[in-house]
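Working notes for the structure below.
The values are calculated or read from the model by the stated rules, or taken from the named source; none is laboratory data. Remember, predicted model here, so these are calculated numbers, not experimental data. Cβ placement follows ideal geometry from the backbone for every residue including glycine, while neighbour counts extend to all protein chains displayed.
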Amino acid sequence: MKDFAHVNATSFDEAAALLAKDNAAVIAGGTDIIYSMKGMNTPNLPDTLVNIKTIADADYIKEEGGFIKIGALAKLTAIAKSSVVKSKATALAEAAELVASPELRNMGTIGGNICQKPRCIYYRNEFNNFPCARKVKGGTCYAITGVHRYHSIFGGVGGCMAVCPSDTAVALVALKAKIVTTKKTWEAADFFKVPNKEFGTARGEQINALDLDEIVKEIQVPVTSAKSTYKKWAFRKAIDFPQVSVAVVKDGNSAEIALGGVYNEPKAFSGVNCADPAKAGDECLAKATGMNTPRADGQADRYSNTYKIQIAKVMVKRAIGSL
Ligand SMILES: Cc1cc2nc3c(=O)[nH]c(=O)nc-3n(C[C@H](O)[C@H](O)[C@H](O)COP(=O)(O)OP(=O)(O)OC[C@H]3O[C@@H](n4cnc5c(N)ncnc54)[C@H](O)[C@@H]3O)c2cc1C
Ligand code: SF4
């Protein structure tokens, strides 16, 4: 375990000021960041953890001004069970319900869920045994020639093939949510752009474009008459990240679709004609290639992830069909 100082913050501004001053990071539920501190999987770990659970009234869920507003400290369980989220932003409630296990959903916050680190097996390997491009300047991507069955089927920014691991991120992109931070209000699709120019630093390890001293305060989901759903396919039924997931927001025959588990960020498709659900699935996956790295001995790639393409097509078809 890496040694660290622990500071309780009483406001988001105070927490952001602490981040700007020290080599510090936020701790919310701690279900992801403590894993990294224990595993010492990257050389870019913080020296100080700034606890934001001590900030009062930051876990609300309310409907206001045409939005469902969710405080960054709202627990995933609360979002999954919220009647307003279930009825007016169904995809988000379903995504929250499918994260990990009840214990992790009881501890894990929505802010932490959309700021968790990549789940690539090489990135997560303890003691930085695989100093890959994401963690170390000049590092390589071990997944390209190694195990890549869980990785991107749409290529990767900066040569990193890790997928966005967050379930709720996918729903938020399809729902066209806004993310309010201590610095600005982001469109979800912009928020989840991976900062590839900073690979090899703490910021480049993020699954989003936040500055290191920027903190998520609130999620805003617009309330519309469109229906939505989130479906997830994983090898295990529980406590597993999505190999493929899909969020669909359907208004008549037009749909906003986001795919998870297939690219560095939620892969978004806007204004998809969903009159024929199977065709919509084919359209979303038309540019997917998967990874098929020839083995040195000329044998087929046993770690290919091209299996995801057909699964994703069927998931899109079924998700549209369910609405
Ligand atoms: C066994 C296991 C299974 C899991 N399965 C899934 C899964 O299926 N789907 C899924 O989506 N996730 C999964 N997770 C990942 C994760 O634990 C949860 O997503 C959880 O929501 C993280 O929230 P937290 O509050 O515990 O975050 P923390 O661990 O406290 O923080 C995570 C990261 O976010 C940063 N952070 C936290 N809050 C903020 C904020 N408000 N603003 C800016 N940065 C912030 C922290 O600095 C840290 O880098 C799993 C984790 C484990 C251990
Ligand atoms: S996919 Fe990304 S995180 Fe994984 S080994 Fe390659 S560069 Fe590192």
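State the number of residues belonging to the stretch 119-140 that are crowded, with 22+ Cβ neighbours inside 10 Å and under 18 Å from G261 (Cα atoms).
4
Among (1) outside any helix (DSSP H, G or I); (2) in contact with a Gly (Cβ under 7 Å, 6 or more places away or on another chain), which single condition is K317 missing?
It fails just one condition, (1).
For a quick check of your reading of the model, give me the residue pairs whose first member lies in the stretch 214-243 and is within 21 Å of P118 (Cα to Cα), whose second is surrounded by fewer than 14 Cβ atoms within 10 Å (Cβ to Cβ) and modelled with pLDDT under 95, with beta-carbon atoms closer than 7 Å and at least 6 apart or on different chains.
Final answer for the pair search is Q243/F235.
Of the conditions (1) touching a residue at least 40 places away in the same chain (Cβ under 8 Å); (2) within 11 Å of ligand 1 (Cβ to nearest atom); (3) closer than 27 Å to F67 by Cα; (4) not aliphatic (A, V, I, L, M), D211 fails just one. Which one is it?
Of everything listed in (1) touching a residue at least 40 places away in the same chain (Cβ under 8 Å); (2) within 11 Å of ligand 1 (Cβ to nearest atom); (3) closer than 27 Å to F67 by Cα; (4) not aliphatic (A, V, I, L, M), D211 misses just condition (1).
Quick check: anything in the stretch 44-54 under 23 Å from the mean Cα position of the chain (by Cα), surrounded by 21 or more Cβ atoms within 10 Å (Cβ to Cβ), more than 12 Å from ligand 1 (Cβ to nearest atom) and not hydroxyl-bearing (S, T, Y)?
No, there is no match, as no residue in the stretch 44-54 is under 23 Å from the mean Cα position of the chain (by Cα), surrounded by 21 or more Cβ atoms within 10 Å (Cβ to Cβ), more than 12 Å from ligand 1 (Cβ to nearest atom) and not hydroxyl-bearing (S, T, Y).
Can you work out which of the residues in the stretch 240-291 that are within 16 Å of ligand 2 (Cβ to nearest atom) and polar (S, T, N, Q) is farthest from the chain's Cα centre (by Cα)?
T289
Any chance you could count how many residues in the stretch 114-141 are within 15 Å of the chain's Cα centre (by Cα) and within 13 Å of ligand 1 (Cβ to nearest atom)?
Number of matching residues: 6.
Among what's in the stretch 119-152 and is assigned to a helix (DSSP H, G or I) and more than 9 Å from ligand 2 (Cβ to nearest atom), pick the residue that is modelled with the lowest pLDDT.
The qualifying residue modelled with the lowest pLDDT is T145.
Looking at the structure I just gave you, is A20 modelled with pLDDT under 95, among the hydrophobic types (A, V, I, L, M, F, W, C) and more than 10 Å from ligand 1 (Cβ to nearest atom)?
The answer is yes for A20.
Can you find, within the stretch 64-74, the residue that is nearest to the chain's Cα centre (by Cα) among those that are surrounded by 15 or more Cβ atoms within 10 Å (Cβ to Cβ) and over 23 Å from A9 (Cβ atoms)?
Within the stretch 64-74, the match that is nearest to the chain's Cα centre (by Cα) is I68.
So how many residues does the stretch 225-266 have that are more than 16 Å from ligand 1 (Cβ to nearest atom) and over 12 Å from L98 (Cβ atoms)?
Total satisfying the criteria: 14.
Out of the stretch 158-212, which residues are under 11 Å from the mean Cα position of the chain (by Cα) and either at pLDDT below 95 or not aliphatic (A, V, I, L, M) (or both)?
Once the filter is applied, which keeps residues that are under 11 Å from the mean Cα position of the chain (by Cα) and either at pLDDT below 95 or not aliphatic (A, V, I, L, M) (or both), the stretch 158-212 yields C164, P165, S166, D167, T168, F191, F192, K193, Q206, N208.
Under 6 Å between Cβ atoms, which residue pairs at least 6 apart in sequence (or on different chains) link something in the stretch 25-44 that is touching a residue at least 60 places away in the same chain (Cβ under 8 Å) and farther than 17 Å from T201 by Cβ with a partner that is in a loop (DSSP other than H, G, I, E, B) and among the polar types (S, T, N, Q)?
Going by the 6 Å Cβ cut-off, the qualifying pairs are D32/Q116.
Looking at the stretch 178-187 only, could you name the residues that are touching a strand residue (DSSP E or B) at 6+ places or on another chain (Cβ under 6 Å) and surrounded by 14 or more Cβ atoms within 10 Å (Cβ to Cβ)?
Taking the stretch 178-187 first, the residues touching a strand residue (DSSP E or B) at 6+ places or on another chain (Cβ under 6 Å) are 178-181, 185-186.
Result: K178, I179, V180, T181, W186.
Consider S82 against the criteria (1) under 19 Å from the mean Cα position of the chain (by Cα); (2) over 29 Å from R203 (Cα atoms): it satisfies all of them except one. Which criterion is unmet?
Of (1) under 19 Å from the mean Cα position of the chain (by Cα); (2) over 29 Å from R203 (Cα atoms), only one is false for S82: (1).
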